[in-house]
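Structure first, then comments.
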Amino acid sequence: MTGFRIRPARLATLGVFALAGLIFWISFNTAHGTDLRTDSSMLRLSDLIQERSRKNAELDSSAAAVRSQVDRFARRDSGSSSEENRKLTGLEKDAGTKKVSGAGLSVTLDDAPPDATAQIPGVPEPQANDLVIHQQDLQAVVNALWKGGAEGIKIMDQRLISTSAVRCVGNTLILQGRVYSPPYKVTAVGDRGALKKALDSSPAIQNYLQYVDAYDLGWKVEESKSVTLPGYSGTVDLHYAKPVG
């Protein structure tokens, strides 16, 4: 009688089962008995972005406190005259690094409801892109308020300066290292009549208001007798790309 021999097909089958068992063991050992899909340590990218945004806000607050203390010491030890100190205060106000108060108004923009339909006969049904706030919408409001003579502007809780950039990615706003979701509130200090007139006369805003009427995008203008804007607390250094080598 010849010796028992394992057929090639059976040998291949055993190999497949052995490989599957090895993969299972590696997966189990890596997860340490947890569900890889729902492991809370595997944060989504959006969670990481929000966490970094929160840390940036804390660092901004800390930096602003230190900067204020340094400014006080510098003025105390500089030997500057009262007139020079007044000029410096004026420059800081113009630069946006000091808080400003006065009459003003706020503009709030918001996405339309996700199930929004055309509100006006003859208008086509909206695409997803028609129902969200875009970068140009926020820029239009900011530009109009500057044109209306605003003494200072903030978006959400951050003061804008000459180098501030309004950037939207998807339906989120990225402003000076921090991330925001709609509704977006833009607040300005200045002559309320002039600010309102500048908003009403902006072609870009008039275009946005057509979408407000057609698809129920959010738009609200509120006037205030007294508004206080914080001073800009971030870095004022300019960063730019450099060629490699």
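The values are calculated or read from the model by the stated rules, or taken from the named source; none is laboratory data. For clarity, every value in this text was computed on a predicted model and none was experimentally measured. Cβ sites come from the backbone with ideal geometry, for glycine too, and all protein chains shown count toward neighbours. Side chains are part of the model used for accessible areas, which takes the heavy atoms of the whole protein and leaves out ligands, DNA and RNA. Shrake-Rupley method; radii C 1.70, N 1.55, O 1.52, S 1.80 Å.
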Single condition residue 186 does not satisfy, out of (1) outside any loop (DSSP other than H, G, I, E, B); (2) open to solvent by 50 Å² or more (accessible area, probe 1.4 Å): (2)
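This table checks each residue for (1) in a loop (DSSP other than H, G, I, E, B); (2) at negative phi; (3) in contact (Cβ under 8 Å) with a residue 40 or more places away in the chain; (4) open to solvent by 50 Å² or more (accessible area, probe 1.4 Å).
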| residue | (1), (2), (3), (4) |
| --- | --- |
| 213 | no, yes, yes, yes |
| 221 | no, yes, yes, no |
| 227 | no, yes, yes, no |
| 244 | yes, yes, no, yes |
Top-ranked residue of the stretch 159-180 - restricted to ones that are under 13 Å from residue 234 (Cβ atoms) and in contact with a Phe, Trp or Tyr (Cβ under 7 Å, 6 or more places away or on another chain), ranked as modelled with the highest pLDDT: 159
Residue that is farthest from residue 105 (Cα to Cα), among those in the stretch 153-168 that are open to solvent by 40 Å² or more (accessible area, probe 1.4 Å) and in contact with a helix residue (DSSP H, G or I) (Cβ under 9 Å, 6 or more places away or on another chain): 167
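I need a count of the residues in the stretch 189-208 that are polar (S, T, N, Q) and part of a helix (DSSP H, G or I). I'd like the intermediate steps shown before the answer.
If we filter the stretch 189-208 for residues that are polar (S, T, N, Q), which is where we start, we get 201-202, 206-207.
Now drop any that are not part of a helix (DSSP H, G or I), which leaves 206-207.
Counting residues in the stretch 189-208 that are polar (S, T, N, Q) and part of a helix (DSSP H, G or I) gives 2.
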Of all residues in the stretch 92-142 being in a loop (DSSP other than H, G, I, E, B) and under 16 Å from the mean Cα position of the chain (by Cα), the one that is farthest from residue 193 (Cα to Cα): 132
